[in-house]
Structures are given as structure tokens and as C-alpha cells.
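Novice: Encoded as C-alpha cells, here's the structure I'll be asking about.
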Amino acid sequence: MKKKALMVFSTLLVCVPLVGISHLEAGREKRVKIDPEKIRVHVKYLASDALEGRGTGQKGGEIAAEYIAAQFKSFGLQPASDAGTYLQSVPMVSMKTLPETTFTLVPANGQSVTLKNLDDFVASNESQTESADIDAPIVFVGYGITAPEYKWDDYKGYDLKGKVALLFVNEPLSEDPNFFKGKALTYYGRWSYKYEETARRGAAATLIIHRTDLASYGWEVVRNSWGGEKSYLERGSAPKLQAASWIQLEVAKKLVGLAGLDVDGLFQQAQSRDFKPIELGVRLKAHVVSQMHSFVAHNVMAMRTGSEPNKNNEAVLYTAHYDHLGIDKSRAGHNIYNGAVDNATGCGILLELARAWAKTKKAPPRSILFAAVTAEEQGLLGSEHLGKRIVYLPVDPILDLNYDALEPLGIPEEVEVSGAERTTFYPAVEATAKEFGLAIRSDPRPEAGHYYRSDHFSLARVGIPSFSISEGMKFQGHDEAWGEEQANDYVKNRYHQPADMYRDDWNFKGLAEMAAFGYELGLKAATQAEPIKWVPGDEFEKARGIAWEGGINEETLFAGRPDLHVTHLAAPTYPPLARQTRISGTVVAKVSVRNDGKVDQVEILNGHPLLRQAVVDSLRQWTFSSQSGETRGFELRCEFILDFSPSPRKEVAVEPFHLLIFASPPTVNTVTSKSE
Ligand SMILES: [Zn+2]
């Protein structure tokens, strides 16, 4: 600690002479050289017809990944994926729900109601099997939200296991900024949260009631985006729904009518903290048939190692997605989704930032990490995979700066950094904006939940302070109305259409400015002594413990098992002898829990002899809340990993029914040979 304090002091001394000069001037002189024409070259190539719209899992997407990797290499950056190469594999599955899929509502008495696929409902099998059969009672769960920070719990201990959840999208109505952020949408309101939370609770299927006002889009949008092929990350150990579904409002009326209730009444009840789940006495009988296809896509990752050995295990991360929508062969005329703005521009900035950081004479104390991610258009999947693999990376990201779809219109006089205000880094962002003469534009429509729709969100949800950098509406030589006009024109005529093509008359100086701004933020973050955190009380503050940093999050560990409520828990420690002899590997244990909550038996199913005892010793100390009835049991995988990164880092990470225990290998020379 003392050493750190000294270092800060000396850094301050070095900075003093600069403060004397007009700091805007000094700022400009110091500023990194970003070449707008180099950004243009990348954008022009990535958006060319030769890359066929960079579809995920398609040839053009892979060519884009190889191009970006080759650029990183040519700049002299090190490979940084968890495999030690530039390419991080992202195993994926595409699923298409076939027309023979059926949904029938079966009341306790009376006539069954058969629903029509696509007209009445859409469904996707997230559990990734070709066929699934569901016959289970439907339970109305309000908004399906558990949010301790707002003292909100729609479940009240109700066991959803094996049942079908019926719920509303969005979140309780509120004007109070301290309650679900007032009018702004929090993640609890997004449909993806609903599917995740109900799956965690063991539901077989979830039906979201579609109300245009609550979803902010019509049934056509639901039908189009769910009716075709959908890609998923290959499923891991996390529980998944056999039918993730939306139903039309009219269908919901019919359904709750079978139970003698009405939808508006249920909506009113759902606004109350006292709400409890309502069993409707109606079953869903469903047969979900899907066409499946597995493939591997890639994130592209590179890094520059920081200059300070006790800090360079931490990194500032820059991200931009390189995928777009590929080719639509059924379309006449120009059928390539070139994705010039979305997101060849972000990649151009990312690559030029990578070049600038590679050229910087002295690396900052912390490392700089770059990730061009895939499958954003499929639902932020490449970055989600990156987030899930974060503990395996050679360095720990402390901040993510993301770039997504910046139209090269000219010199911006504003910058958008929505979400930055959720972090303790915000004062530095404000100061940097000032240095650049940029006004910070706040999110004009927080109720639309844009923060949850770009790749930085995937990092935020594993606890890394993250936000995107973008231009605002005000450009040099134009008024704000002009900027808004351009944005509207883009959304109407080019966004997610083949017309999103490269133009020679584009001015890339503004994008260079956005890159320089991001460079400066990265430099501050990679240098400053204070850690970057979420503002206390932010919805992502807790998430940090879920993926890494020692603490075990029991909600994650026992996902989908509300009967396993832990009262005492301690992770196994890496056995010293195993560490000395460089033994790593996985131990699988079968655990049974008595009614009084004590662990009854620990049976080791497999694992290295030197690792087994640590697992048994640890698990024997765990206790759970007592519960009458049958003996509870679960299987736990404990993965012991030797961490070869330059300096030892986090100790334990958690996934559902999976603990990852890290240790540094014994100090032989490998550490030095590996780090350079
Ligand atoms: Zn897009």
C-alpha cells in the first residue's frame, strides 16, 4: 500500500508543469495521432460486397475475423484469447422452430383451445433439443421480477419448477427515480431477463403477454424476429426454457378467461409489492419441433501488456462487434447486408485505436485489451461468451469502452456515453469531454433501454464498468435538428437494410475524434490509482461477485434450485501438493443434504486423487436452510485451474453447479517466459 501511495505522488509531480499552460492547448499537443483515412480503409473493406455482410457462422464473417486478426498482428499486438491465439472460439447453435410446433391450452373443465403458430404465439426452444414436449400448469407471475434492491419479489417463495410462467414484459409502473429508475427501463423489464429468471427458477416454458405499449413494438416485430432462425450460444450448465414464447394479447385474454379472470385485472395486481403468483388451473400442452445446426464463430482478441508488473494483470478493454446480417438470398436486387455504419465503423475505430496503442512508446501501467466480437446481431452473443470466459483471459478487464454504429457525418460537438454516469469513472469522462470541447449528451429515451442493447452490456452484467462511446446530434456547421434528421434518415432507410453501404463522401474526421476521445479515457483508466467501480446501488454492482473476485454468488451457483438456500459456504482451496506438482482438473461430487440443512454425504464421482479431498473437506462444512420432505441432492463440478498469467489474480469463479478454483503455479521460470 505504501508503495502505491508514493507512486501516485511522483506521477502528480511529473504532471505539474503541464497544468501551467492553457490545458486545452497542452491537451491538443499531447493528443494521440489518429488517422481518419486509416479508419476509412477498414470501413470500406469490411463493408465491401466481398465480405458478404459478415454473417455470423458464414464465410464473410470468418474473412472479417481473419482480417482483423491479421491487422492486430501487423501492429505487433500479442494474441489475447483464452486459447493463446487471436481467435476465441464461440460455439453456437442455430435453432429454427418448425411449423409442426403446437400449443394447446387445456382448462380443468371445458374445451381445449388450440393456438396457431406465428399468428397466436411464437416459441423457441432454448434448451437446444430437436423436440420437446411440455404438459404443465400455467402460473401467472406478474412481471416475473426478483429485485431485492427495490424490495420487489413477484415469486414470494413460489416453486416454479416444471411449470409454465405467464407474465408481462416491462416492469412496475413508476415515476420515482429510486424505484426501477422511474420511467427508464432497467434490465428487469427486458424480455431476455424474463426468460433467464424463470429458467433459473426451473420453469419448463415462459409465455410473455405481448402488449404493444409495453413491448414498444408490434406483433409483426415479434413474429419476424422469432419466426425464423435464431442463434444461441451452445448451452452450458445454466438452466434453459424448452419454450421461450410470446403470446398475442388476445390469446392471453382467452387464456385467463378460461380461469375466470381478466387480463386488465391481472395487470393491476401485478403493480403491487404484495403480488403473489396465481395458478390459473389451465395447462399448456406443447410440442416444440426445431431444426438445429451447430457451428463455431470467433471473437478476435489482442493486447498490449502494461508496463507495471503489479498492475498489468488488469486491463482496459475496447470492444466493437464485427458481425452483421449476411446475405438474404430470398431477396431480389442488392441482397448483401453490408453493415457499413453497423458496425464496420466501430471496427475501423477499434483497429485504429489498436494501431495507436501498439505505437505508443511506453505502455501505461495497466494492459490494453481489444476484442472485435461476433454475433451481436443475434443478441449480443459474442460479447456474452466473452463475459462468461472473462476469468480465463490473460488479463482482467477493469473497464470496457464499446463502439457501435457511428455514422461518419462530420466533426461532432457532442459525445454520448450513456451508462458512464453509473460508474465512479464519470468525473474522468466529464473532464475528458471538456478537454475535447465535447458536450455530453444524455440518453434522450431511457425508457427504451438502449443500455441493454449493445455489447458493453454483456460486460456490465459480469460486473465490469462498461459503456459505449458515440457521437451526439450536434455537428460542426449544423444545428441539432440536422443531426436528428440524419439519424432518423438512417433508421428509416438504412438501419438493418442492404442499403447500409459505404460512401466515398463520408468524412471520417469525426470518427477519429471519437477514437482519440476513447484513447484518452483508456489512458486515464490504465494509469489512475483508484479502481473503477459501479456507483453504489447500481443494478450491476452485485454482478461483480458473480463472475469473479472471490465471493461466491449462491444465486448463480444454485440457479433453478430455490430449495438449496445456503447458510454457510466456503470454496475448496487449491491443495498445496497439487499446486506444487502442477496438477489441475475437475472433481465431480454428488452431495446430499439432510432435512436439518447439514451435508449428509459427499460422493466423489471422478477427479484426480490429489484434488478430491479438498472438495470433500469443503463440502462437508456447507450448510443449507432446513426443509422437511425428501433429502435434497445436487452434483457439483469443482474445476482446479493453474493460472499462468503474469501475476496471480482472482481465486474463485462461479457458474451454475460449477466452481472454478484458481491458483498460480509454483514459481519456476515459466511465468517470465509466458509474459513476454
Ligand atoms: Zn445492428
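The values are calculated or read from the model by the stated rules, or taken from the named source; none is laboratory data. Since we're looking at a predicted model, the values are computed, not measured. For neighbour counting, all protein chains shown are included, and Cβ atoms are generated from backbone atoms with ideal geometry for every residue, glycine included. What goes into the accessible areas is simple: the full protein's heavy atoms, side chains included, and nothing from ligands, DNA or RNA. Shrake-Rupley method; radii C 1.70, N 1.55, O 1.52, S 1.80 Å.
Novice: Among bridges DSSP assigns within region 288-381, what percent are antiparallel (round to 5)?
Specialist: Antiparallel: roughly 45 percent of the beta bridges in region 288-381.
Novice: Then there's this: Which shape class applies to region 147-248: rounded if a/c is under 1.5, otherwise prolate when a/b exceeds b/c and oblate if not, where a ≥ b ≥ c are the square roots of the Cα gyration tensor eigenvalues? Before the final figure, lay out the partial values.
Specialist: Values: a/c = 1.84, a/b = 1.16, b/c = 1.58.
In terms of gyration-tensor shape, oblate.
Novice: Okay, next question. Okay, helix-only estimate at 222 nm for the chain: each DSSP H run of n ≥ 4 adds -39500 (n - 2.57), divide by all residues, round to 500 deg cm²/dmol; what do you get? All intermediate terms of the calculation are to be shown ahead of the outcome.
Specialist: Values: 20 runs with 198 residues, N = 676.
When only DSSP H runs of four or more count, the value is -8500 deg cm²/dmol.
Novice: Compare Arg201, Arg579 by solvent-accessible area with a 1.4 Å probe and give them largest first, with all protein chains kept in place.
Specialist: Arg579, Arg201
Novice: Considering only DSSP beta bridges with both partners in region 69-224, what is the antiparallel share in %, to the nearest 5? Intermediate values should be presented prior to the final figure.
Specialist: Numbers: 5 of 14 bridges.
Within region 69-224, antiparallel bridges account for around 35 percent of the total.
Novice: May I ask which residue of Phe467, His478, Leu438 lies farthest towards the positive end of the charge dipole of region 435-491, with charges of +1 (Lys, Arg) and -1 (Asp, Glu) on Cβ and the Cα centre as origin?
Specialist: Going by the charge dipole, the pick is Phe467.
Novice: Over the heavy atoms of Lys590, what accessible area does a 1.4 Å probe trace out, to the nearest 10 Å²?
Specialist: For Lys590, solvent-accessible area is about 100 Å².
Novice: Also: Please figure out what share of the DSSP beta bridges in the chain is antiparallel and state it in percent, rounded to the nearest 5.
Specialist: Numbers: 74 of 115 bridges.
Of all bridge pairs located within the chain, approximately 65 percent are antiparallel.
Novice: Where Lys and Arg each count +1 and Asp and Glu each count -1, what net charge lies around Leu381 among other residues with Cβ under 11 Å from its Cβ?
Specialist: Numbers: positive: Lys230, Lys388; negative: Glu234, Asp323, Glu376, Glu377, Glu384, Asp455.
That sum, taken over residues with Cβ under 11 Å, equals -4.
Novice: Could you compute how much accessible surface Tyr67 exposes when probed at 1.4 Å, giving the result in Å² to the nearest 10?
Specialist: 40 Å²
Novice: How much solvent-accessible surface does Ser468 expose, in Å² to the nearest 10, with a 1.4 Å probe and all protein chains in place?
Specialist: Only protein atoms counted, so the area is about 20 Å².
Novice: Lys/Arg Cβ at +1, Asp/Glu Cβ at -1, dipole of region 552-658 taken about the Cα centre: which of Pro562, Val593, Leu577 is farthest positive-ward?
Specialist: The residue sitting farthest along the positive end of the dipole is Leu577.
Novice: Right, something else. Convert each backbone phi in region 43-56 into a coupling constant with the Karplus relation 6.51 cos²θ - 1.76 cosθ + 1.60 (shift: θ = phi - 60°), then list the ³J(HN,Hα) values in order as whole Hz, x for Gly and Pro.
Specialist: For region 43-56, the Karplus-derived couplings read 4, 4, 5, 5, 8, 6, 4, 4, 8, 6, x, 6, x, 5 Hz, x marking Gly and Pro.
Novice: So how strong a dipole does region 385-494 carry about its Cα centre when Lys and Arg Cβ are +1 and Asp and Glu Cβ are -1, to the nearest 20 debye?
Specialist: That gives region 385-494 a dipole magnitude of about 580 debye.
Novice: How many Å² of accessible area per residue for the chain, probe 1.4 Å? Don't jump to the answer; show the numbers that get you there.
Specialist: Numbers: 28990 Å² over 676 residues.
Counting only protein heavy atoms, the per-residue value for the chain is 43 Å².
Novice: Using only the Cα atoms of the chain, what semi-axes does the equivalent ellipsoid have when each is the square root of 5 times a gyration tensor eigenvalue? Give whole Å, largest first.
Specialist: Details: eigenvalues 332, 231, 113 Å².
Working through the eigenvalues yields semi-axes of 41, 34, 24 Å.
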